[in-house]
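What follows draws every value from the coordinates through simple rules; no lab data is involved. Values in this document were obtained by computation on a predicted structure and should not be read as measured data. Reconstructed Cβ throughout: ideal geometry from the backbone, glycine too, with neighbour counts over all protein chains shown.
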Amino acid sequence: MRAAAEAAGPMKITAIEAVTFRKDLRIGGNSGGADGAEFFWVRLHTDRGITGTGETYPYSQGEIGALRDYARQILGRDPRDIDGLWRSYYHNMAMRNAGGSDMRVLSAINMAQLDILGQAAGLPLYRLLGGKTRSRVRVYNTTTDYWAINGMKMGPDTLAIARFLLDRGITAMKIYPFSARDNYLSNQELDRGLKWIRDIRDEFGMRMDICVDLWGRFDLPSAIRIAKALEPYNIMYLEDAMLMNNAQSYARLAQETSIPICMSETLATRYEYREFFELKACDVVMYDLSWCGGVSEAKKIADMADAYFIPTSPHTCGGPLLYICSTHLSAAVPNFLIMESNYWKYTHQFPRFVANAPVPENGSVAPPEEPGIGAGIRPELFSSGDAIVETIARA
């Protein structure tokens with residue numbers, strides 16, 4: 001990255017824009033109720049005429065407010081100073097309770113900086129991250145009611161969904177089979193959720209890898225019950241069994257089960273992951289590039305995980321820039337396991353916004369070769385009024 005920055009030559013950030021999208025935006029396909037855009041973009045303009053775009057989600061008004069607060073720290077900076085700008089922003093945020101909208105905006109700014117650097121150097125993002133360690137990135141499909149596949153829902157259509165994915169070369173899926181009441185899991189709910197998994201195993205054997213996401217809904221005793229009940233089914237990992245704010249409890253869970261424990265798109269920066277590594281509290285690291293501090297911070301998290309021989313599995317169910325940047329990073333890091341994708345998003349939503357969102361072939365994707373992120377943002381978004389541009393600050 002340092003050589004690319006020097007080759008690119010000096011420049012300055014001259015303007016900052018927020019790009020949101022019409023609330024009534026309608027996108028084709030049966031989305032089960034998910035429509036429009038839950039993400040927004042940050043654009044950084046430079047005195048060299050290069051514009052970089054970053055992305056975060058889902059609370060754009062809070063994030064745009066944070067962008068206004070930090071704009072004067074960003075204007076006039078050289079966008080090539082990736083770590084320098086990150087450090088100064090993070091320090092000011094951390095001294096005022098780091099996280100939330102501030103962290104999500106930092107993630108988008110970092111993504112936009114790397115987009116600028118890649119364009120200026122004439123290199124795709126994965127080259128700035130050390131180059132490829134693999135040519136293709138294996139993906140799983142997140143299956144939810146709000147991103148339904150052709151109107152099908154897990155439970156009534158479990159086998160039809162699994163067959164649909166396998167027919168398209170997708171051999172892994174993430175599901176949400178367990179629901180809680182007051183953080184407690186009843187025997188009836190446990191059995192209902194296990195039925196989804198039994199059905200997949202009975203019909204398809206080990207052809208379909210299964211990830212189970214609990215979305216932080218359970219207490220420790222229920223999380224242990226679920227993990228132990230899942231052990232006979234050889235799932236890929238159990239994700240976010242509890243809220244993420246107690247590494248000691250996750251260490252206990254990891255000790256109690258042979259199921260790999262995955263943590264967590266909700267954590268940000270290497271500093272928050274450190275304790276989970278030290279306590280042996282996770283077996284798979286999941287980060288979200290638009291929440292964790294950005295692309296360069298995700299690379300640092302992955303490198304730290306690699307020192308513990310822990311693989312990574314990026315969370316990507318936000319917008320298209322997150323998905324594309326995660327593909328670049330997944331192609332680069334050595335300790336990659338599998339990356340999230342969603343059929344409705346790459347089939348219907350993402351193509352409305354960008355031209356180069358990778359579509360899985362034989363269960364895997366590859367990053368674009370264009371300089372920077374290489375998303376191919378569609379210019380008609382701006383001429384049609386679908387995109388709403390707000391100038392946050394200008395030098």
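Calculated [222 nm] ellipticity per residue, helices only, for the chain: -12000 deg cm²/dmol; basis is -39500 (n - 2.57) per DSSP H run with n ≥ 4, divided by all residues, nearest 500. Helices meeting the span-like rule in the chain (full DSSP H runs, Cα extent of at least 24 Å along the helix axis, mean Kyte-Doolittle score of 0.0 or higher): 100-121.
Comparing Met208, His348, Trp41 along the charge dipole axis of the chain, the residue lying farthest to the positive side is Trp41, per the Cβ-charge model.
Counted by Cβ distance under 12 Å from Gly372, the other residues give a net charge of -2, where Lys and Arg count +1 and Asp and Glu count -1.
With a Förster radius of 25 Å applied to the beta-carbon distance between Ala393 and Ala94, the computed FRET efficiency rounds to 0.65.
Close amide H partners of Ala393, meaning residues 5 or more places away or on another chain with modelled amide H under 5 Å apart, are Ile16. Highest mean packing comes first when the peptides 166-172, 319-325 are listed by Cβ atoms within 10 Å, giving 319-325, 166-172. Only one of [x] 120, 59, 46; [y] 66, 51, 36; [z] 61, 45, 38 was calculated from the structure for Cα extents along the principal axes in Å, and its label is [z]. Between Ser186 and Leu25, residue separation times 0.36 nm minus the direct Cα-Cα distance comes to 53.9 nm. Counting only DSSP beta bridges whose two residues both lie in the chain, roughly 55 percent are antiparallel. For Met206 and Glu380, the difference between the fully extended length at 0.36 nm per residue and the C-alpha to C-alpha distance is 58.2 nm. Put simply, the amide H of Lys174, placed in the peptide plane, has neighbours under 5 Å in Asn141, Thr142, Thr143, Cys211, leaving out anything fewer than 5 places away on its chain. Under a Gaussian network description of the chain, with springs only between Cα atoms under 10 Å, the residue in Phe309, Phe40, Phe21 that fluctuates furthest is Phe309. Under a 5 Å amide H cut-off, with hydrogens placed 1.01 Å from N, Val354 pairs with Arg378 among residues at least 5 apart or on other chains. In the elastic network of the chain, a GNM with C-alpha springs shorter than 10 Å, the most mobile of Gly130, Gly216, Gly205 is Gly205.
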